[in-house]
1. For A:180, B:120, A:188, what ranking results if the residue with the fewest other Cβ atoms within 10 Å of its Cβ goes first?
2. I need to check one value: relative contact order of the range A:13-292, counting alpha carbon pairs closer than 8 Å and at least 6 residues apart, in percent.
3. Select from B:134, B:15, B:105 the residue whose mean-square fluctuation is largest in a Gaussian network model of chain B (Cα-Cα springs shorter than 10 Å).
4. Give the shape of chain A as rounded, prolate or oblate, defined through the alpha-carbon gyration tensor: a ≥ b ≥ c are the square roots of its eigenvalues, a/c under 1.5 means rounded, and otherwise the shape is prolate if a/b is larger than b/c and oblate if not.
5. Okay, helix-only estimate at 222 nm for chain A: each DSSP H run of n ≥ 4 adds -39500 (n - 2.57), divide by all residues, round to 500 deg cm²/dmol; what do you get?
6. Among A:173, B:22, which comes first, second and so on when ranked by fewest other beta-carbon atoms within 10 Å?
7. Mind checking which of B:144, B:37, B:46 has the largest fluctuation in a GNM of chain B, springs on alpha carbons under 10 Å?
8. Would you order A:8, A:162 from fewest to most other beta-carbon atoms within 10 Å of each residue's own beta-carbon?
């Protein structure tokens, strides 16, 4: 019987992994002295965000979300470019992976929205959301990188002063999906798109009439139902990712950031991240389908 | 609370999403759809071709069956003709053989008759010779040779009558 071929790690990869591990452990050891003294110290800052700017909402911004969002965009676009370069009728390994992913989403979209006009647009929105959330969750859940610890103090004039401390490789990257700005924006966008498709598919009168169905008495409930959609849609993802992050952070503290319990890391980083991305994009398809159908 | 603060970040996130969607549409979705359409077209083309081939095969099968039927009919006809011809040939041969036999028979009968006549003639001649010699023996001395002969000839003429 022919022997099973074992996939061996190349020498280059071994060197890279060793260097990474040495850097990771060294920085971890250096970071230990800067760590908060007790679990309450670290969890005390969990709800704080690095916000730059003062005044009304349009003058304030979360730099970590923007930076990480750009990283996510860069990763996805790099992948898309590498697939696009070698796109052919007979797919390469990378193209097959991308196509199987797109096929998976397209099958879900097609089974919910048979109308080709809306199916393709919905597919593009759902796949982009899926990719964005998956990469964001994986970066934020698995890969150690730069994270920030924000402490807040009140100035004499009542203004909040944020002290930002950058932590290297002790914690995972900050996931943009752990910021409600991202999730709520995308959920609202889905709501607007679903209603736009609904008007396009049914006509304005029929769309308007759908709010007083089955009986006009239910109009307020229908409106509340529609408004609740983006809130539940965004909060679900936000709660899972933020909660997972807090849990990993707390548990990591107990092991002094040296070795994160791998099962937890795997669960919150990969499993939960993938599930939440899938749920978000599936709900997007469901909301659009409910309006179009 | 920081966790629930909505600010300019949401606008930036929306713009970044639109940018990502635009990029992915260009890099992934368009090639994916065109490839899907092409594959679909190819599959449909192959199916249509297979259908045509199937139809053509059916036609050919029908044609072959018709030709087979025709060939069978033709061969049956040829066999029937051959049988008739064989019967005719056998009949002809029979008749010819019969004629030959009859001819042989008649020739044989004629031959027998001729041989019979010949034999009779010979018997007659021998008998005549014997009779003459017997008469000559009997009449020896009573008649001369000339008278014997004339007498005999007369007797024979009488006998022939």
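Throughout, read-outs are computed from the coordinates displayed, never taken from laboratory work. None of the values given here were measured: they were computed from a predicted structure. All Cβ positions, even for glycine, are placed from backbone atoms using ideal geometry, and neighbour counts span all protein chains on display.
1. Ranking A:180, B:120, A:188 by Cβ neighbours within 10 Å, fewest first, gives B:120, A:188, A:180.
2. 25 percent.
3. Evaluated over chain B, the most mobile residue of the options is B:15.
4. oblate
5. -21500 deg cm²/dmol
6. Final ranking by Cβ density, sparse to dense: B:22, A:173.
7. Between B:144, B:37, B:46, it is B:144 that shows the largest mean-square fluctuation.
8. A:8, A:162
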